[in-house]
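Encoded as structure tokens, the structure appears first; notes follow it.
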Amino acid sequence: MRKLVLGLALAGTALATPALARDDQWYVEADAGAVKAENIFNLTGVGNAGVLKTKAGYDFGGIVGYDFGGFRLE
């Protein structure tokens, strides 16, 4: 599982690009990805143990911003 996560993280950094904008211009960024979490075990109390089963999912995000030259506002 670690090799898979590491491989996906490295692939994600190779494909990721920063939001490119000229000074004094608006810009838009969009991203999407897959999510796979492992099961979560709750062992906090005596006799109060449980398992939270997880499923594969997806993640979407976006940014709208303005580049002022020295800094950006998103």
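The values are calculated or read from the model by the stated rules, or taken from the named source; none is laboratory data. Computed from a predicted model, the values in this text were never measured in an experiment. Counting neighbours? That spans all protein chains shown, and the Cβs are built from the backbone with ideal geometry, glycine included. Areas reflect the complete protein model, heavy atoms only, side chains present, ligands, DNA and RNA absent. Shrake-Rupley method; radii C 1.70, N 1.55, O 1.52, S 1.80 Å.
The residues neighbouring G61, those whose beta-carbon lies less than 13 Å from its own, together hold a net charge of -4 under the Lys/Arg +1, Asp/Glu -1 convention. Approximating the spin labels as points 7 Å out from Cα along Cα→Cβ, the L52-to-A32 distance works out to 2.7 nm. Surface analysis of region 22-73 yields an accessible area of 87 Å² per residue, using protein heavy atoms and a 1.4 Å probe.
Note on region 22-73: with neighbouring protein chains present and a 1.4 Å probe, carbon and sulfur make up 58 percent of its accessible heavy-atom surface.
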